[in-house]
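**Student:** Dropping the structure in here first, questions after.
Coordinate-derived values only; no laboratory data. Since the model is a prediction, treat every value here as computed from it, not as a measurement. Neighbour counts run over all protein chains shown; Cβ positions are idealised from the backbone, glycine included.
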Ligand SMILES: Nc1ncnc2c1ncn2[C@@H]1O[C@H](COP(=O)(O)OP(=O)(O)OP(=O)(O)O)[C@@H](O)[C@H]1O
């Protein structure tokens with residue numbers, strides 16, 4: 001059954017999961033958690049350990065009190081002790097209870113603050129990670145690390161603290177008292193421990209494998225949930241609900257199987273230690289009893305020893321099975337550290353200075369770039385955008401248009417050549433100053449689940465209410481915003497789904513307007529809209545373009561015509577440049593695109609007449625809405 005589980009062809013194809021995990025051993029993980037997260041909290045930890053020590057001492061004193069009770073009260077008939085011993089027991093139990101309370105709260109605080117630290121570190125790392133790396137990995141995998149992996153690490157950290165602070169101390173104290181009482185008996189009691197450790201080593205490896213699979217499957221479930229909900233319209237339209245549910249069921253079944261493998265192995269580690277040490281314990285009783293009959297061992301000594309041995313077994317079981325119990329935490333930590341340790345390829349040079357934008361001239365000089373080795377995307381690409389001018393990039397799908405914007409925003413750095421803004425190589429400048437120089441408007445407007453105001457102010461947090469309203473007015477958005485009962489405080493819903501496409505795009509324009517960057521990058525902001533919505537945003541687009549250096553990726557004739565120069569890209573190079581009429585007259589790539597891509601919009605009449613595009617745009621819009 002398990003082998004089927006491993007080889008199920010319906011599992012989700014994980015995008016190179018090994019990329020995101022480190023390969024640290026149990027003790028390396030414990031060492032790193034101790035160094036990075038436990039030692040910085042050493043005062044609190046010392047408090048915890050102090051509380052644990054009191055608890056251990058109080059626990060360790062109980063066998064002695066038992067011994068005294070047997071020897072002094074029962075055999076010695078000592079009445080003073082009859083009253084003293086219960087009082088002492090109450091004091092010790094009170095110390096034990098109080099110190100255990102503080103130890104538990106302190107330990108939970110440490111564990112949960114490690115979770116908080118790791119979540120912040122991962123989030124920071126993810127927001128700074130290279131786009132290429134992020135795009136190769138499904139977001140569900142990251143969500144799973146945030147939700148599940150860190151909790152497993154917390155358990156591992158708690159186990160380590162308890163094992164180190166409480167149980168090891170208890171084991172040492174109780175073993176000390178056992179050896180103090182009778183060393184020969186003690187040797188019998190601990191004789192089987194080395195054998196137990198060997199068996200546990202094998203179990204540790206089994207748990208490690210199951211835990212790895214469990215986390216992968218849990219990540220897959222996250223991916224499946226997120227992609228099913230994102231594509232729910234297509235899932236329903238293609239009648240795939242049952243298929244997706246079946247896929248989810250298989251992943252959930254596999255996860256259950258792997259969890260149960262871990263649980264079975266871990267659950268058996270306690271009994272394994274118990275069975276093996278029980279043999280030693282039986283030998284100790286045999287030897288102790290023999291000594292009681294034939295030797296000098298008193299009943300009190302024997303009872304004290306037996307109490308110490310019994311009290312020692314539970315903490316010893318915990319310490320001995322620690323490696324096995326820690327495996328889930330180790331696997332989870334390797335996944336989390338894989339994210340935290342990630343190096344960005346786009347890095348700031350030491351001593352990088354902020355970009356100084358004077359006029360906003362952009363130039364690409366002999367830029368070559370590839371995402372994957374051996375698959376060039378831009379080849380010796382050169383382009384100049386004079387300050388305040390608008391250029392349009394057109395070209396077949398995959399010709400590298402979006403890549404040009406990616407490089408200008410430093411989402412990636414080119415392998416050779418330079419990208420310059422006002423003569424400064426942007427790889428010599430700080431990343432944030434380069435990104436602040438541009439405002440990006442994407443094909444699909446990106447809105448966050450917040451109010452309209454927050455969405456407009458995204459990236460311009462210091463803006464005043466008047467500035468927000470002015471930006472919205474310029475983007476021809478103010479009137480429709482005010483028509484909502486809550487105005488600017490209207491929530492836009494997940495990804496803005498409570499607004500229409502045209503409204504979303506105008507909010508995105510208002511955001512870019514408020515940002516007021518000297519460079520504007522447009523990734524065909526009208527292509528996802530139908531003709532009516534497109535007509536609504538043309539006016540807003542005209543205001544947005546005014547006075548900026550603009551690179552626009554254009555699929556629509558109406559957008560292309562707003563450019564001063566049109567550059568035609570093919571296979572990572574500019575192959576033609578000019579204005580619309582020149583390029584059509586040349587009868588080259590542009591003319592072909594004009595006929596096939598946006599030319600279809602205009603075959604019936606005047607090319608720039610947007611109403612001629614209606615049937616195609618409607619069809620496209622209907623397809624999107626399907
Ligand atoms: N993150 C990525 N990793 C690997 N390859 C990529 C990545 N992004 C784009 N590519 C590849 O680079 C090439 C150029 O892509 P790009 O998105 O720049 O083209 P485009 O001209 O903007 O296309 P479209 O008009 O379809 O949006 C394509 O072959 C694409 O498959």
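**Student:** What's the FRET efficiency of residue 75 with residue 105 using the Cβ-Cβ distance as r and R₀ = 45 Å, to the nearest 0.05?
**Tutor:** Working from the Cβ atoms, E equals 0.60.
**Student:** OK, next. Write down the percent of antiparallel bridges among all DSSP beta bridges whose residues are both part of the chain, to the nearest 5.
**Tutor:** 50 percent
**Student:** Zone of residue 415 (label point 7 Å along Cα→Cβ, backbone N under 16 Å): which residues in the range 338-372?
**Tutor:** Under cut-off, by backbone N: 345-346, 366-372.
**Student:** How big is D for the chain, in µm² s⁻¹ as a whole number, if Stokes-Einstein is applied with the Kirkwood radius of its Cα pairs at 10 °C and 1.306 mPa s?
**Tutor:** My calculation gives 53 µm²/s for D.
**Student:** Here's a follow-up. Among 149, 422, which comes first, then next, by fewest other beta-carbon atoms within 10 Å?
**Tutor:** 422, 149
**Student:** Stretched out fully, how many nm does the piece from residue 446 to residue 136 gain, at 0.36 nm a residue minus the Cα gap?
**Tutor:** Working it through step by step, the gained length comes to 109.6 nm.
**Student:** Could you compute the FRET efficiency for residue 591 and residue 22, with r as their C-beta to C-beta distance and R0 at 45 Å, rounded to 0.05?
**Tutor:** 0.25
**Student:** Still on this structure, please answer the following. Can you compute log10 of I(q)/I(0) for the range 18-340 with the Debye formula, treating each Cα as one identical point scatterer, at q = 0.09 Å⁻¹?
**Tutor:** Per q value, in the given order, log10 I(q)/I(0) is -0.61.
**Student:** Run the numbers for residue 571 and residue 229: contour at 0.36 nm per residue of separation, minus the present Cα-Cα distance, in nm.
**Tutor:** 119.6 nm is the gain from fully extending residue 571 to residue 229.
**Student:** Between the range 409-438 and the range 96-150, what is the C-alpha centre distance in whole Å?
**Tutor:** The two parts, judged by their Cα centres, are 33 Å apart.
**Student:** At q = 0.17, 0.25 Å⁻¹, what is the base-10 log of I(q)/I(0) for the range 377-473 according to the Debye formula with one equal point scatterer per Cα and no solvent? Please give it to two decimals.
**Tutor:** -0.96, -1.40
**Student:** Separate question: Taking the chain as the reference, fit the longest principal axis to its C-alpha atoms, fit the long axis of helix 465-474 to the helix C-alpha atoms, and give the angle between the two in degrees, 0 to 90, nearest 10.
**Tutor:** Between helix and principal axis, roughly 40 degrees.
**Student:** Only residues of the range 414-455 count here: report those whose backbone N is under 17 Å from the spot 7 Å along Cα→Cβ of residue 371, or say none.
**Tutor:** What the label zone holds, given the 17 Å backbone N cut-off, is 414-415, 443-444.
**Student:** I want to check the label-to-label distance for residue 347 and residue 236. Put each point 7 Å from Cα in the C-beta direction and report it in nm to one decimal.
**Tutor:** Here the answer is 4.8 nm between the modelled labels.
**Student:** By how many nm would the segment from residue 286 to residue 123 grow when fully extended, if each residue of separation counts as 0.36 nm and the alpha-carbon distance is taken off?
**Tutor:** 52.7 nm
**Student:** Here is a follow-up. Which angle from 0 to 90°, rounded to the nearest 10, does the C-alpha axis of helix 241-294 make with the longest principal axis of the chain?
**Tutor:** Orientation of helix 241-294: about 20 degrees from the principal axis.
**Student:** For each of 74, 411, 364, count neighbouring Cβ atoms within 10 Å of the residue's Cβ, then give the residues from fewest to most.
**Tutor:** 74, 411, 364
**Student:** Averaging sequence separations of C-alpha pairs under 8 Å and six or more residues apart, then dividing by the length of the range 18-340, give the relative contact order as a whole percent.
**Tutor:** Worked out over the range 18-340, it gives 35 percent.
**Student:** What angle do you read, to the nearest 10 degrees and between 0 and 90, between the alpha-carbon axis of helix 193-230 and the longest principal axis of the chain?
**Tutor:** The answer is roughly 30 degrees.
**Student:** Another question, then. At a 10 Å Cβ-Cβ cut-off, how would you order 85, 39, 521, fewest neighbours first?
**Tutor:** 39, 85, 521
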